[in-house]
Every structure is written in C-alpha cells, then in structure tokens.
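In what follows, a structure is listed as structure tokens, so that the remarks can point back to it.
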Amino acid sequence: MRFKRLGKTGANISVITVGTWAIGGTGWGEVDKKDSIEAIRAMVDEGVNSIDTAPAYGQGYSEEVVGEAVKGIRSKIFITTKFGPKRGEIIPTSEVVEYAMTQCDLSLKRLGTDYLDLYLLHWPFKVFPAQETMTAINRLKEQGKIRNFGVSNFDEDQIQEFEKFGAVTALEPPFSMLNRKYEELMKFAKNRDMGVMTYGSLGAGILTGAIRTLPNYEPTDMRMHFYDFFEEPKFSAVMELLKTLDGIAEKHNVPVVQVAINWSTQNPVVDTALMGVRNPKEAKENCAAMSWELNPAEIATINKAYADTVGKLPLREQKLT
C-alpha cells in the first residue's frame, strides 16, 4: 500500500479510501450487507486505513455497515463522515448549531465510535451559513467528538468564507479520468495545505472496464442522474478511451480498473481516491494496483486519449436530483 499525508490533518492515510455510497443501497441497485462488510475488511487487510461514509448514503445505513466493519480495529482506521440537511430541508439559522451537533451524535452512534477523524459538510447548503456552522464545528472539536473539519463540493469562495471562522483542513471534490473539472480547485486546496480526497474515482464503475455496452439502468438509479457517462454521446467516447486503457492493462497483465486507480492516485494533487467495493474480490483487485505504477509516457498517452475523446465533450453538472 502507498500512503500520503492528508494535508494539515497530519494523518498518514492510504492513497485508496473505501467509498461507501453504493453500499448505502439507495439508488445503486441491490447490496448485500455481509458482502459489504467483508469487502471493507478485505480492503483493510490489504493495507487501506481510510473509510469515507455519510448519513445520506441509505439514510444512515452505510454508517451502520461501516460501524460493524470496523469493530475491533477502529483505532487503526481514519473515518470520514459528513453532515448537512436533507434535500429540501430548511433549517433556521438559529437552529444550525444544535442541528449540526445532533447530526454528529447520530453519526457517532451509528458508527459505534466516540470520535470522527474528519467531519465534512457534504454540500454548500445555503441554509448552513459559515459562522453558525463553524461555531458547531469548534464546539465539537472542544468536546473531542471530531478531530478535523473539511468540505465536499465547495468552491474557492465558499472555502474562504468558512475559513474566516475556523480551520478547513480537507476538500473532497469529484475527480476522475473522466471528470477533471476541479483540478484547479484541487491545486488551490493543496497550496493551502488542505488534504484532497476525491470521489467518483472509477466513474461509477465505468472505468473498471466491466461495462462495455450501454446499460439500461432504472431512471432512479444514481448512475443515471448524478453522472453523465451512461448517456450518448459520452458513453461511446468513454468506450473509445477504454481502448487505450485496455492496451496499457494488457502490457502490465492487469485488469483495466488498476490503470484507472493508478492514474488517480499517482496525481500529485490527490492525497487519496475514494472507490466503492461490493465484495472481497473487487477489494483485492483494486488494492493490487498498488504493486505497480504507470510510467510518465503511459500517463501522457492516457491524457492524450482523453483529450481526443471524452475531453471534447462538455461535462454535465453533477446533481443530487
């Protein structure tokens, strides 16, 4: 396993983080709790020491699964979870502090722990103003319930507004071979010594190479409305890019997914890349990417192939609905 320092959190974490959005179940098809727990533990057995979750993933179910998976090994794991109102929920400004602190307590209970290594504000909610939010964060730190605070899906101006009232130590934006929209934001964060965690690293599974024909997902499936890789003409462009990844994977005698993993984790502005796993087989396959690296020529070849295919198409705004 490879490790990097997660910015000014000071934590030394694996460059792969277990992402648990899909195991929450909602919008991701069927999931099996036993498989999910075994997949997480298999990642840990392979050297991964970072897990990311959120109460929004299955209305707390993902946190409960993570809590079961880390029983007995909690002290070895860097746990990140998130907070914020549900979609459409309005929280009066006068109630934001209490609301945030209550959410933290609920997450701690589901996770079976008395502290969080990193607590992220999930989205830049207009009903969660910076001053009140950071008042809650600072109290949670004083109480020992959280060790670090960060943000997900924020831009530079929003980050700087929050920094007026306390430390923002980490950023979690979407980033993958197929979505490079926030590279400059990631550099901004690194220049402030903020840890950079990236989600969507495998393009909702399309970068594993397992999907070669346009899938017929249900309209409610998260892959259909949060990502645009499963629509034309983007899907065909991704398939064309995969031909380049196929060639590199064949050269190294590895599955395509490992090429995508190394492309992300070898990026100097990425401290750790989130990736979901559904079973131990996927976990071991993903972690095996750490046994080799792409060389500069291969990275350049991938980047050119991207520019000639997916890079020519606009990126749809990611959205929750």
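Look through segment 296-321, keep the residues that are out of contact with any Pro (no Cβ under 7 Å at 6 or more places or on another chain) and in a loop (DSSP other than H, G, I, E, B), and return whichever of them is modelled with the highest pLDDT. Top of the filtered list is THR309. If the condition is being over 18 Å from the mean Cα position of the chain (by Cα) and in a helix (DSSP H, G or I), then segment 189-223 contributes only ASN191. Within segment 237-285, the set of residues being modelled with pLDDT under 95 and polar (S, T, N, Q) comprises ASN279 only. Which of the residues that make up segment 1-32 are in contact with an Asp or Glu (Cβ under 8 Å, 6 or more places away or on another chain) and either at pLDDT below 90 or surrounded by fewer than 17 Cβ atoms within 10 Å (Cβ to Cβ) (or both)? The answer is MET1, ARG5, LYS8, GLY27, TRP28, GLY29. Evaluate the following for LYS187: is it more than 27 Å from ASN49 (Cα to Cα) and surrounded by fewer than 19 Cβ atoms within 10 Å (Cβ to Cβ)? So LYS187 fails the test.
Checked against the criterion of being of a type outside the set (S, T, N, Q) and touching a residue at least 60 places away in the same chain (Cβ under 8 Å), the candidates GLU298, GLU232, GLU285, GLU240 yield just one match: GLU240.
Within segment 91-118, residues that are farther than 14 Å from ALA136 by Cβ and hydroxyl-bearing (Ser, Thr, Tyr) sit with their Cβ atoms under 7 Å from residues that are modelled with pLDDT of 95 or more and crowded, with 20+ Cβ neighbours inside 10 Å, at 6+ positions apart or across chains, in these pairs: THR113/ILE79; TYR115/ILE146.
State whether the residues of segment 108-125 include one that is acidic (Asp, Glu), surrounded by 19 or more Cβ atoms within 10 Å (Cβ to Cβ) and closer than 29 Å to LYS4 by Cα. Yes, that holds for at least one residue. Among the residues of segment 240-255, those that are part of a helix (DSSP H, G or I) and either among the small types (Gly, Ala, Ser) or surrounded by fewer than 18 Cβ atoms within 10 Å (Cβ to Cβ) (or both) comprise GLU240, LYS243, ASP246, GLY247, ALA249, GLU250, LYS251, HIS252. For residues that are more than 14 Å from ALA204 (Cα to Cα) and in a loop (DSSP other than H, G, I, E, B), tally how many sit in segment 256-295. Residues that pass the stated criteria total 11. So, in segment 37-71, of the ones that are of a type in the set (Val, Ile, Thr) and not in a helix (DSSP H, G or I), which residue ends up surrounded by the most Cβ atoms within 10 Å (Cβ to Cβ)? Per the stated criteria, the residue is THR53.
The values are calculated or read from the model by the stated rules, or taken from the named source; none is laboratory data. In this text the structure is predicted, and so the values were computed from the model without any measurement. So basically every Cβ, Gly included, is an ideal-geometry build from the backbone, and we count neighbours across all protein chains shown.
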